[in-house]
Amino acid sequence: MPVSKSLSRSRAGPTALDLCISAPSISPETDNAAVLALFSLHKELSSLPVVEHRRPFGLINRHLFLSQMSRPFYRELYDKKSCIAFMDKSPLIIDHAATLGAVAEQTVITGDKSLSDGFIITRDGEYLGIGLGLDLVKMVSDVHEQQHQQIVQSIEYASVIQGAMLATSRQAMTLALNDWSLLWQPRDTVGGDYYYFIQRENGWLMVLVDCTGHGVPGAFMTLIFASALNQALSQHGSERPELLLSAINRHIKETLGQIQQEGQPRPLSNDGCDVMILALDTLSSTLKWVSARIPAFILSAEQGHTQALSVDRMGVGYTDTPYDYVWPCEQLAINPQDIFFTMTDGLTDQVGGERGIMFGKRRLRDLLQRYQTLPMPELAKSLMAEWQLYQGEEPRRDDVTFWGFRY
């Protein structure tokens, strides 16, 4: 009987039937000379199933059988004896409908034997064919590759969606600002950094966010934040950043079930974000801001110094953040040609340099002072060149976002 692989394939995914090879079988009464003849006839046959009354009885491994029969006097001793002398009496038997995962799990349990000898495939307990360990490994690899490609394609499309979410804000910046720069670089295809910008009657509102995680988990958190921000804006408007941030905190805690109840188990999730909300009033040339763990600087054009703005150390949405927490709202006057600059910690926490330490806020501050006379797009390019040089061969640690404008 020729050896051939079944062409059937389950619509729900690969099964043992997809691995099934139609192979000749023998009965327990078959002598070893006949087994030797079959192996000689079917060079590609790695194992020979032993079947009795259509039920699998055992499995003879080609390599082991031939190595034994080639020993001195073994042909004379065993040619006419039953093949069960060289038979594995407990081969792996798999039903044809078993999923690929179940087949792989069973071969792992039985060890190397199933990979080298193969396994018997049955339908309703009756012999159907054999499966080979190499075919199993290849099919598992192909399935994983296909799944990987599907995941990659899904993430790439998610990147398109995330980029579309941010495009409106970037367009609004172009209309409202004359000299500005924005860099948004996810560590992976999608990321956990997010920004939002809208014009108001006498100014604009800018929000910069660094959510926990990066990649897909971080991107999911940006969706939750965007929903919280939209709800907060509809409730409180854009005049008071502190009200917005408090409303966002409550929304995230409620959405993720992160409200710690006394005497209750700690919530499973502990995710949140760092947030900067900045509002500019162009009539009074006043900046209002509320910051939850996101730093910012003002570079004074008149005095030539750099001022670090105040930052609250309480994160937004986390289990330990009180439900009714109120972040302090600060304000200051901004003068013509002053520069405002803010960033997520992916910029300052990147490891690199000769000592393998973080880039840090002090190094950033020095670079901002060095390049503050440049137009903001050129300042951003120079800053990134210095940052990438510092990073060197070190892997990227996090998403990187920074934003700045010259008033």
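The values are calculated or read from the model by the stated rules, or taken from the named source; none is laboratory data. Values in this document were obtained by computation on a predicted structure and should not be read as measured data. Ideal geometry is used to build each Cβ from the backbone, glycine not excepted, and the neighbour counts take in all protein chains shown. Only protein heavy atoms, including side chains, enter the accessible area calculation; ligands, DNA and RNA are left aside. Shrake-Rupley method; radii C 1.70, N 1.55, O 1.52, S 1.80 Å.
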Fill in: Number of the exception - Pro28 against (1) open to solvent by 40 Å² or more (accessible area, probe 1.4 Å); (2) assigned to a loop (DSSP other than H, G, I, E, B); (3) modelled with pLDDT of 90 or more
(1)
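I'm checking my understanding of the structure. Among residues of region 156-189 that are among the aliphatic types (A, V, I, L, M) and within 12 Å of Leu223 (Cα to Cα), which one is surrounded by the most Cβ atoms within 10 Å (Cβ to Cβ)?
Among those that are among the aliphatic types (A, V, I, L, M) and within 12 Å of Leu223 (Cα to Cα), it is Leu166.
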Response to the item:
Listed by first then second residue, the pairs whose first member lies in region 177-198 and is of a type in the set (Lys, Arg), whose partner is open to solvent by 10 Å² or more (accessible area, probe 1.4 Å), with beta carbons under 8 Å and at least 6 positions apart or on separate chains, are Arg187/His214; Arg187/Arg396; Arg187/Arg397; Arg187/Asp398
Worksheet item: Among all residue pairs at least 6 apart or on different chains, which show Cβ distances below 8 Å where the first residue, located in region 259-274, is free of Cβ contacts under 8 Å to residues at least 60 places away in the same chain and the second is among the hydrophobic types (A, V, I, L, M, F, W, C) and part of a loop (DSSP other than H, G, I, E, B)?
Response: Pro267/Leu256; Pro267/Ile259; Ser269/Leu256
Fill in: Sole residue being over 30 Å from Tyr390 (Cα atoms) and among the aliphatic types (A, V, I, L, M), chosen from Leu347, Leu245, Leu278
Leu245
Item to complete: Select from region 287-311 the residues that are modelled with pLDDT under 95 and open to solvent by less than 50 Å² (accessible area, probe 1.4 Å) and write down the one among them that is nearest to the chain's Cα centre (by Cα).
Response: Thr306
Worksheet item: With respect to Ala104, is the statement that it is farther than 22 Å from Pro28 by Cα, aliphatic (A, V, I, L, M), open to solvent by less than 80 Å² (accessible area, probe 1.4 Å) and at pLDDT 90 or above true?
Response: no
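Could we say that Asp281 is under 22 Å from Met173 (Cβ atoms), acidic (Asp, Glu) and at pLDDT 95 or above here?
Yes; evaluated as a whole, the condition is true for this residue.
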Worksheet item: Among the numbered criteria (1) in a helix (DSSP H, G or I); (2) crowded, with 17+ Cβ neighbours inside 10 Å, which single criterion is violated by Arg75?
Response: (2)
Worksheet entry | Where Gln106 falls short, out of the listed (1) in contact with a helix residue (DSSP H, G or I) (Cβ under 9 Å, 6 or more places away or on another chain); (2) closer than 25 Å to Val140 by Cα; (3) not in a helix (DSSP H, G or I) | (3)
Worksheet item: Which fully enclosed strands (runs of 3 or more DSSP E) of region 313-407 have 1 or more residues being crowded, with 18+ Cβ neighbours inside 10 Å, modelled with pLDDT of 95 or more and among the hydrophobic types (A, V, I, L, M, F, W, C)?
Response: 339-343, 400-406
Practice prompt. With respect to Ile357, determine if the residue is out of contact with any helix residue (DSSP H, G or I) (no Cβ under 9 Å at 6 or more places or on another chain), of a type in the set (Val, Ile, Thr), more than 25 Å from Asn270 (Cα to Cα) and in contact (Cβ under 8 Å) with a residue 24 or more places away in the chain.
Written response: no
Practice prompt. Could you give me the residue pairs with C-beta distances under 8 Å whose first residue belongs to region 219-241 and is touching a residue at least 12 places away in the same chain (Cβ under 8 Å), whose second residue is of a type in the set (S, T, N, Q) wherever it lies, and which are 6+ apart or on separate chains?
Written response: Ala219/Gln162; Met221/Thr212; Thr222/Gln162; Ile224/Thr255; Ser227/Thr255; Ala228/Thr255
